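Since the structure comes first, as structure tokens, the remarks are kept for the end.
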Amino acid sequence: MVTGGMHIRFLFCALAMALTLFSCKKAETEEIVVVKRPKTVLLYMVANNNLSYDAENSISRLQNGYIPAEEGNLLVYKHCAGMDPVLLHIKKGEEGTVVADTAYRFPPRVSATKSALTQALNVTQALFPADSYGLILWSHGTGWIPPLASSSSAAQEQRSGSCPERTFGLDGKVELEIRDLAQAIPYKLSFMLMDACFMGGIETAYEVKDSVDYYIGSPAEILTESFPYHKIMQHIFKSTPDYAAVCKEYYDYYNAKTGSVRSATVALMDCSKLAEVAEVAKRVFDQYGERIASLDLSLLQPYFRGSSSKYFYDLKDLVDAIADASLSAEFAAALERAVPYKASTPYFIELPIRSFCGVSTYVPGNPADTKLADYYKQYKWNQATGMIK
């Protein structure tokens, strides 16, 4: 077994032959020295859209924060408008200054695809092997919703105003569906952080739970300033990572602001505990699921603003509204074990946050949208719980 910090040398030709499987172009042409470290973290930025400027700002903040040395590798897959994607290695140079070395150049590609994400993760593992891996996904997002599910007018709106109606990512007109995202992960991740709107839903977390130990997301939107990367990496690269502290840094950063930018919702999920949540939820929906059709949705905490995004409600609010007190309490206890940290500001822009379990869910309306219902049935969460029959 190779321990962290040991050097593994490969002849360039051998590694190049392996990497041709990824249809990518290596930046270096000399012998490669691969160093296995305790942790490698990849920030995957799909910004070949109207978020390019914000992506550059996030990278700048990243470079002004904690930069790992022997304890790990910090990488950025950067695909901004007008450029081909590159893999950057953020590290300290010889004089202590932070540099962003181009470790890999990818050919022209659409980054919001299953194959692109898989290839980026495989290249990351080949060039920066580690004992554990973490992934941050940065772009547009709207959780479980199928691509372009909502109105065209809403789809033109921008992140931090009202998030576009997309799943994860937007590259041209291509969006990555959550089921494809889950299938794109080629190896186990210690954590996945979703720096995109509406990705704190039970549907998304449950879809990736078998490939991820801990999941971080926001059930509501995320402002374009994104996560405070200059503050969170110190917690991620600890020998024992503190993911709750990552969430708290995000919450504290925005809670300290004033006005409409004092807006944040965030939760940490322990994916090993989600099956227990699903087991209790199945009993709830088996016994009381017929009540959903007549439910007054205005009584539930929404995580959307406006009238075009009615796909995200508080999960605990839904169960409390339909189940008896005993089963509702059992569900709350299971959810509490699965969500070790959650926090929200009093408002998200103009949306009041009255109750907050940290996790959103779809709630079928009355009458239900049959096309969305058929799509929703394909998710592992619905297959495990039977909310929509």
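Miscellaneous remarks
- Once both labels are positioned 7 Å from their Cα atoms along Cα-to-Cβ, the gap between GLU70 and ASP84 label points is 3.8 nm.
- Net charge, ALA323 excluded, C-beta distance under 13 Å - Lys, Arg +1, Asp, Glu -1: -2
- Accessible area per residue for region 175-308 is 34 Å², calculated with a 1.4 Å probe on protein heavy atoms, without ligands, DNA or RNA.
- The reciprocal of the average 1/r between distinct C-alpha atoms defines the Kirkwood hydrodynamic radius, which for region 285-389 equals 14.7 Å.
- Accessible surface ranking that places the most exposed of PHE304, PHE356 first, with a 1.4 angstrom probe: PHE356, PHE304
- Given charges at Cβ of Lys, Arg, Asp, Glu: the chain dipole, positive-most of LEU372, ALA47, PRO186: PRO186
- Distance between modelled label sites at THR102 and GLN287, nm, 7 Å Cα→Cβ extension: 6.1
- With R₀ set to 25 Å, the beta-carbon distance separating ALA329 from ARG354 gives a calculated FRET efficiency near 0.80.
- The chain: C-alpha pair distances exceeding 35 Å, %: 24
- FRET efficiency for the VAL261 to LYS310 pair, using the beta carbon distance and R₀ = 35 Å, is estimated at 0.90.
- Burial order of peptide ranges 76-83, 136-143, 203-210 (average beta-carbon count within 10 Å, highest first): 136-143, 203-210, 76-83
- Stretching LYS92 away from LYS371 to a fully extended chain increases their span by 95.3 nm, per 0.36 nm per residue minus the current alpha-carbon distance.
- Per-residue Karplus couplings for region 380-389, computed as 6.51 cos²θ - 1.76 cosθ + 1.60 with θ equal to phi - 60°, are listed in order as 4, 4, 6, 5, 7, 10, x, 4, 9, 7 Hz, Gly and Pro entered as x.
- Angle between the chain longest axis and helix 243-255 axis [Cα atoms, degrees, rounded to 10]: 70
- When the solvent-accessible area of the chain is split by element, carbon and sulfur atoms take up 52 percent of it, the probe being 1.4 Å.
The values are calculated or read from the model by the stated rules, or taken from the named source; none is laboratory data. Owing to the predicted nature of the structure, the values given are computational and were not obtained by experimental measurement. Cβ: placed from backbone, ideal geometry, glycine included. Neighbour counts: every protein chain shown. Just so you know, the surface numbers come from the protein's heavy atoms only, side chains and all, with ligands and any DNA or RNA stripped out. Shrake-Rupley method; radii C 1.70, N 1.55, O 1.52, S 1.80 Å.
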